[in-house]
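Novice: Dropping the structure in here first, questions after.
The values are calculated or read from the model by the stated rules, or taken from the named source; none is laboratory data. Source: prediction; values computed, not measured. Using ideal geometry, Cβ is built from the backbone for each residue, glycine included, and neighbour counts are taken over all protein chains shown. Ligands, DNA and RNA are stripped out before the accessible areas are found, and what is left, the full protein with its side chains, is counted by its heavy atoms. Shrake-Rupley method; radii C 1.70, N 1.55, O 1.52, S 1.80 Å.
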Amino acid sequence: MNKMTLKFRSEMENEAFARISVCAFLAPLHPSFEELMEIKTIISEAVTNAIIHGYDSSPVKTVKVEVGYDENGCITMIISDSGNGIADVKKALEPLYTSKADQERSGMGMTIMQTFSDSFDVISCVKEGTSVVIQKKLQRIQ
Ligand SMILES: Nc1ncnc2c1ncn2[C@@H]1O[C@H](COP(=O)(O)OP(=O)(O)OP(=O)(O)O)[C@@H](O)[C@H]1O
Ligand SMILES: [Mg+2]
């Protein structure tokens, strides 16, 4: 088991930092190109949600990304904010549901993350924050 934690300001420019750092951390597992693309997308969507929805785009809060993996290539990713929280998680997970339609969001981030994950959970409490807990197993054809 190996693990790491990233904590960074809720600046949108840090989304790329998180995505690239997670890929660098997972490099010893030799994920396929497709798996890397999926992991990058998951991190990108979750961090963007934390900043835009969790913190209403305030750049001075903190986003946390924790990543771990085991010897079987099973990756756990937890993306957390201490922001607004989600009142109705079931509704938030519906494809095309967005609370920010005015900002040209499509409401597909959660659905995309779910598609690319083997296990996907959202733990959220209103006014306390949200954690997205994702597990993804690498295929590792050798
Ligand atoms: N970290 C979060 N904190 C608070 N609310 C969230 C968070 N993540 C998601 N949500 C809520 O869940 C809804 C659905 O999220 P989803 O990522 O699927 O769509 P979106 O972000 O609105 O649009 P898109 O991701 O397609 O740009 C959001 O509109 C928001 O209301
Ligand atoms: Mg989103």
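Novice: Going toward the positive end of the dipole of the stretch 18-142, with +1 on Lys and Arg Cβ and -1 on Asp and Glu Cβ, which of 69, 57, 126 do you reach last?
Specialist: Looking along the dipole axis, the top candidate is 57.
Novice: Hey, another quick one. Report in % the part of the accessible area of the stretch 2-137 that belongs to carbon and sulfur, leaving out ligands and nucleic acids; probe 1.4 Å. Display every interim value, and only then the final one.
Specialist: Numbers: 3710 of 7240 Å².
Summing carbon and sulfur atoms, their accessible area is 51 percent of the total for the stretch 2-137.
Novice: When the helix-only estimate is applied to the chain (DSSP H runs of n ≥ 4, each -39,500 (n - 2.57), divided by the residue count), what is the mean residue ellipticity at 222 nm, nearest 500 deg cm²/dmol?
Specialist: When only DSSP H runs of four or more count, the value is -8500 deg cm²/dmol.
Novice: Of 113, 37, 77, which is the most mobile in a GNM of the chain whose springs link Cα atoms less than 10 angstrom apart?
Specialist: Of 113, 37, 77, the Gaussian network model singles out 37 as fluctuating most.
Novice: Would you work out the charge dipole size for the chain about its Cα centre, treating the Cβ of every Lys and Arg as +1 and the Cβ of every Asp and Glu as -1, and quote it to the nearest 20 debye?
Specialist: Numbers: 15 positive and 19 negative charges, 43 e Å.
Once rounded to the nearest 20, the dipole reads 200 debye.
Novice: Put +1 on the Cβ of every Lys and Arg and -1 on every Asp and Glu Cβ in the stretch 2-137; which of 93, 5, 33 then has its Cα farthest towards the positive end of the dipole?
Specialist: Going by the Cα projections, it comes out as 5.
Novice: Given 0.36 nm per residue, what is the gain on full extension from residue 97 to residue 140 after removing their alpha carbon distance, in nm? Intermediate values should be presented prior to the final figure.
Specialist: Values: separation 43, 0.36 × 43 = 15.48 nm, distance 3.45 nm.
Result: 12.0 nm gained on full extension.
Novice: Which number do you get for Rg(Cα) / (2.2 N^0.38 Å) in the stretch 14-140?
Specialist: Values: Rg = 14.2 Å, N = 127, 2.2 N^0.38 = 13.9 Å.
After normalising by residue count via 2.2 N^0.38 Å, the value is 1.03.
Novice: Hey, another quick one. What is the gain in length, in nm to one decimal, between residue 74 and residue 4 on full extension, counting 0.36 nm per residue of separation less the C-alpha to C-alpha distance? Walk me through the numbers before you get to the answer.
Specialist: On the way: separation 70, 0.36 × 70 = 25.20 nm, distance 1.46 nm.
Difference between extended and current length: 23.7 nm.
Novice: Moving on to the next point. Among 45, 15, 94, whose mean-square fluctuation peaks in a Gaussian network model of the chain (Cα, cutoff 10 Å)?
Specialist: Of 45, 15, 94, the Gaussian network model singles out 94 as fluctuating most.
Novice: Using Cα springs under 10 Å in a Gaussian network model of the chain, which residue among 81, 102, 121 shows the largest mean-square fluctuation?
Specialist: In this elastic network of the chain, the residue with the biggest mean-square fluctuation among 81, 102, 121 is 102.
Novice: Quick one: length gained pulling residue 41 to residue 112 fully straight, 0.36 nm per residue minus the C-alpha distance?
Specialist: Values: separation 71, 0.36 × 71 = 25.56 nm, distance 0.82 nm.
Extra length from residue 41 to residue 112 when fully extended: 24.7 nm.
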